[in-house]
Amino acid sequence: KQWYQRRVRGSIMFPLIQRFGHLVRKLWNPRNFRSHISPHEMLQAVVVCSKKKFQFTEQGDPVPFLSWLLNSLHYTLTGGKIKKRSIVFDTFQGEMVIHSRKVPPPGERATGEEFRTVSTKSPFLYLMLELPPAPLFADDSDHNIIPQVPIYKLLEKYNNLTEIEHKTYDATFLRRFEITKLPRYLILFVKRFTENRFFVEKNPTIVNFPISFDMAEFIETKVSDKYKSTEYNLLSNICHEGRAKGGTYSTHLHLSSANQWFELQDLHVTKLQPQMITLSESYIQIYERADFSVDPNRMSP
């Protein structure tokens, strides 16, 4: 225990978990004298521990930040041993099996060891949802058509039936994704931005999603039987508005104790109707599994 404490306290990431812990305790302290909390110390720790990769004076992409934050908290809490358990990975990490097979060149048969299906276990902190390509041309009224796609269509990627083509520099593979463990909190990342050497392009497709949905239709029965519930309830929705360069991010957050949705953008907080959430250009969604949902009647005032 002393060795672990020395190793954690000597880590460059120690201020991150220290300030994060202070921030969480202040947020949930029922005896807190002030009605507002300043995250300034936490933000300073992020700047220092990320070696200025993330700065609160500049707008950044929330996906790499969220991935860095979760992995950094886990790495520091485990004393640098990635495979050890921590409260971070116990809460957010799921598991899947990736089945991959090599596609033979045209005119050749798939014989030999290299063309057999290879299955690999892979943990995940979030599921990436790939949007269909946006239309290149305008309609008859000279307006660009903004397509819509249901989230169930995007989640079919993980039903262990849909094969996704993956190309490398010298070969093509077909992959199937089979989810074998559901996390307590499911994070979905909608891939909206495509970047190359010259510019960043944004896909404006609207994702139609419900406030609650069931993952049972995307996993095997033997997996769903392990859980009391496979239904997930939306807690937070981060969306991006505007152009790929210089757009703005806002967050839709559900307060369970009041059963009320709020929109947060910088220091502005406003009430929001649930119907307005599904009209946004969703980028990151965080769901909570129903068997862990908090009963508002049991929450302290």
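With respect to the stated conditions, residue 84 is more than 20 Å from residue 126 (Cβ to Cβ), touching a Ser or Thr at 6+ places or on another chain (Cβ under 7 Å) and either open to solvent by 100 Å² or more (accessible area, probe 1.4 Å) or at pLDDT below 90 (or both). Within the range 192-202, does at least one residue satisfy the condition of being in contact with a Gly (Cβ under 8 Å, 6 or more places away or on another chain), in contact (Cβ under 8 Å) with a residue 24 or more places away in the chain and either open to solvent by 20 Å² or more (accessible area, probe 1.4 Å) or of a type in the set (Gly, Ala, Ser) (or both)? Within the range 192-202, one or more residues are in contact with a Gly (Cβ under 8 Å, 6 or more places away or on another chain), in contact (Cβ under 8 Å) with a residue 24 or more places away in the chain and either open to solvent by 20 Å² or more (accessible area, probe 1.4 Å) or of a type in the set (Gly, Ala, Ser) (or both). How many residues does the range 87-112 contain that are open to solvent by less than 30 Å² (accessible area, probe 1.4 Å) and closer than 25 Å to residue 51 by Cα? Summing the residues that are open to solvent by less than 30 Å² (accessible area, probe 1.4 Å) and closer than 25 Å to residue 51 by Cα in the range 87-112 gives 2.
Okay, residues lined up against (1) under 24 Å from residue 191 (Cβ atoms); (2) open to solvent by 60 Å² or more (accessible area, probe 1.4 Å); (3) over 23 Å from the mean Cα position of the chain (by Cα):
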| site | (1), (2), (3) |
| --- | --- |
| 22 | no, yes, yes |
| 25 | no, yes, yes |
| 42 | no, no, no |
| 45 | no, no, no |
| 52 | no, yes, no |
| 59 | yes, yes, no |
| 66 | yes, no, no |
| 72 | yes, no, no |
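For the range 113-146: of the residues being modelled with pLDDT under 75 and over 33 Å from the mean Cα position of the chain (by Cα), which is least open to solvent (accessible area, probe 1.4 Å)? Residue satisfying both the conditions and the ranking: 139.
Scanning the range 245-268 for residues that are aliphatic (A, V, I, L, M) and not in a strand (DSSP E or B) yields a count of 2.
The values are calculated or read from the model by the stated rules, or taken from the named source; none is laboratory data. For clarity, every value in this text was computed on a predicted model and none was experimentally measured. When we count neighbours, we look across all protein chains shown, and the Cβ atoms used for this are built from the backbone with ideal geometry, even at glycine. SASA here: full protein model, heavy atoms, side chains in, ligands and nucleic acids out. Shrake-Rupley method; radii C 1.70, N 1.55, O 1.52, S 1.80 Å.
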